[in-house]
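Nothing in this text is a laboratory measurement; each read-out follows from the coordinates by a stated rule. Keep in mind that this is a model prediction, so the values were computed, not measured. Note: ideal-geometry Cβ built from the backbone for every residue, glycine included; neighbour counts use all protein chains shown.
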Amino acid sequence: MSTTEAIPTTGPDGRTVPSAPSPEAEAWQPFRTMLLDAGLLVPTGVDGLYGRSGTYESVAEGMDRLVLRVGADQDALSMRFPPVMPWATFQRNGYLESFPDQMGSVHTFRGNERDHGELLRRTEEDEDRGPLLATTDMVLCPAVCHPLYPTLRGVLPEGGRRAEVYGYCFRHEPSTDPFRMQAFRQHDYVYLGTPDGARAHRDLWIERGLEVLTGLGLEVESVVANDPFFGRPGRMLAANQRIEELKYEIVTPVYATDRQTAISSSNCHLDHFGRPFGIESADGEVAHTACFGFGIDRITLALLHRHGPDPDTWPKAVRSTLWP
Amino acid sequence: MDQEIRQVLAEHGRLAVDVSSLDENTDLFAAGMTSHASVNVMLALEDAFDIEFAESMLKKSTFESIASIRAGVLEMTDA
């Protein structure tokens, strides 16, 4: 089977539809072909949703452990959450206001036998199943640090608190670009405390991120960025985010020298999480938070792009950094 | 017009202070309006004055004070 063909995707109504060809698709097609031919990523039939090979995972795991070594001095609380989080957290963290089109809602069936029959019929005939499904009290986790905040309600110690969180995130952004996965991993170093502490954390980790990624042979720089906020109002949020320099991304040229791809990012959240989740700094003010996230899948892909599909042949310095 | 602007701010600005105490040049963001609240203010102003802000106006400075909001609304109603 040719791996360069567009993989069918599942439309909003649950039907399988062919992906619309993107004008930029050409740019990533050779890299996608390399990944699929080498078996590093295994397509599932949904754009941006892949199986990973053992080789791919060994790079991702090496990167994850490297991140932990780099943050060993942070005295960080280690937390791991499932890739599914409570709606009660989601409804208060502002995600629905900013990114409604990227959310993943967990549904189940709560009907009677007659409804069940109708669900089966619709499934058989590939009709929209939506009307027969009901929401649950869970959503897919869109950012790995989001489930953390409600667990830290209360007053933080003097000097704030740091936490490291690793796991899968989901964002509904179907694409054939391997760098734009719908399910992907982030490894975050989060700070909770004062406004100054949050900025200092962000600055420290951008510096560390650049150092780590440069050490892996990647050509990187940090740039001011904005999130893809939804709709016309979102343009205003994006403009505000840029003016205040709340988001930085570490980017690397992958498909073209003039087209940068983000592989890590940092966010200053101000009191966006501290306020709704009742977190206070030691001085009694609403806590400010910041996080730096290593995009583990994107870094893995950038390394495979830079050094080739076989990690056994990668430069010794890169191998010894990932697998000491 | 200022009265309508103040009403929109009272309903959507989520300000930390009473809207009637605001000077027309008071920095609304300093008075507690968040980015998200400013988006709701923007949408409510569009409804109240039956306008649509130009793309170039969708930025913080347009909504930073009652005076700047009035200037923005006038720009769109004159257009």
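Sequence-ordered 3J(HN,Hα) estimates for region A:174-182 from the Karplus curve with 6.51, -1.76 and 1.60 and θ = phi - 60° stand at x, 7, 8, 5, x, 6, 10, 7, 8 Hz, glycine and proline given as x.
The aspartates and glutamates within cross-link reach of B:LYS60, meaning a Cα-to-Cα straight distance under 12 Å and a gap of 8 or more places when in the same chain, are A:GLU244, B:ASP27. Averaged over the residues of A:227-233, the number of partner chain Cβ atoms lying within 10 Å of the residue Cβ comes to 3. In plain terms, the residue of A:SER281, A:SER264 with the fewest other Cβ atoms within 10 Å comes first and the most crowded comes last, giving A:SER281, A:SER264. For the residues of B:49-60, the average number of beta carbons from a partner chain within 10 Å of their own beta carbon is 3. How high is the relative contact order of chain A, given as a whole-number percent (alpha carbon pairs under 8 Å, six or more residues apart)? Once divided by the residue count of chain A, the mean separation gives 20 percent. Amide H contacts of A:PHE81: A:TYR166, each under 5 Å away and 5 or more positions distant or on a separate chain (H built 1.01 Å from N in the peptide plane; Pro and chain starts excluded). Helix B:2-12 axis versus longest C-alpha principal axis of chain B: approximately 70°, rounded to the nearest ten. Ordering A:LEU133, A:SER175, A:THR289 by Cα displacement along the dipole of chain A toward the positive end leaves A:THR289 in first place; charges were set at the Cβ atoms of Lys, Arg (+1) and Asp, Glu (-1). Considering only B:ILE5, B:THR34, B:SER21, the residue lying farthest towards the positive end of the dipole of region B:2-78 is B:THR34, judged by Cα position with unit charges set on Cβ.
Neighbouring Cβ atoms from other chains, within 10 Å of the Cβ of residues in A:96-105, number 1 on average.
Name the GluC sites (Glu not before Pro) in region A:23-81 that are in a loop by DSSP and that have at most 14 other C-beta atoms within 10 Å, would you?
Numbers: sites: A:GLU24, A:GLU26, A:GLU57, A:GLU61; in loops: A:GLU24.
Those that pass, being in a loop and sparsely packed, are A:GLU24.
Region A:266-324 and region A:150-216 have Cα centres separated by 5 Å.
Protection proxy ranking of A:201-213, A:75-87, by the mean of other Cβ atoms within 10 Å over each peptide's residues and highest first, is A:201-213, A:75-87. A dipole drawn for chain A from +1 and -1 charges on Cβ atoms has a positive end, and of A:HIS107, A:THR33, A:TYR191 the residue lying farthest that way is A:TYR191.
Could you give the semi-axes, largest first, of the ellipsoid that matches chain A, computed as the square roots of 5 times the alpha carbon gyration tensor eigenvalues and rounded to whole Å?
Working: eigenvalues 204, 165, 64 Å².
Result for chain A: semi-axes of 32, 29, 18 Å.
The long axis of helix B:66-78 is offset from the longest Cα principal axis of chain B by roughly 20 degrees. Ellipsoid fit via the Cα gyration tensor, region B:2-78: semi-axes of 18, 12, 11 Å, each the root of five times an eigenvalue, largest first.
In order along region A:111-124, the phi-based Karplus estimate (6.51 cos²θ - 1.76 cosθ + 1.60, θ = phi - 60°) of 3J(HN,Hα) comes to x, 9, 4, 5, 4, 4, x, 5, 4, 5, 4, 5, 5, 4 Hz; Gly and Pro are listed as x. For the listed peptides A:178-189, A:91-102, a ranking on the average number of other beta carbons within 10 Å per residue, highest first, reads A:178-189, A:91-102. Sequentially through region A:301-315, phi angles give Karplus couplings (6.51, -1.76, 1.60; θ = phi - 60°) of 5, 4, 5, 5, 5, 6, 10, x, x, 10, x, 4, 9, 6, x Hz, Gly and Pro residues having no value and appearing as x. Residues considered: A:THR89, A:THR108, A:THR135. Largest GNM mean-square fluctuation over chain A, using C-alpha springs under 10 Å, is found at A:THR108.
If you place +1 on the Cβ of every Lys and Arg and -1 on the Cβ of every Asp and Glu, how big does the dipole about the Cα centre of region A:34-177 come out, in debye to the nearest 20? Kindly include the intermediate steps, with their values, before the conclusion.
Numbers: 14 positive and 22 negative charges, 134 e Å.
For region A:34-177, the charge dipole is close to 640 debye.
Put a plus charge on the Cβ of each Lys and Arg, a minus charge on the Cβ of each Asp and Glu, and nothing anywhere else: the dipole of the protein assembly as shown about its Cα centre is then about 1260 debye.
Of A:ALA256, A:ALA200, A:ALA238, the residue with the greatest mean-square motion in the GNM of chain A, using alpha carbon springs below 10 Å, is A:ALA256.
The simple spin-label model puts a point 7 Å past each Cα toward its Cβ; for A:LEU204 and A:ASP227 those points are separated by 2.4 nm.
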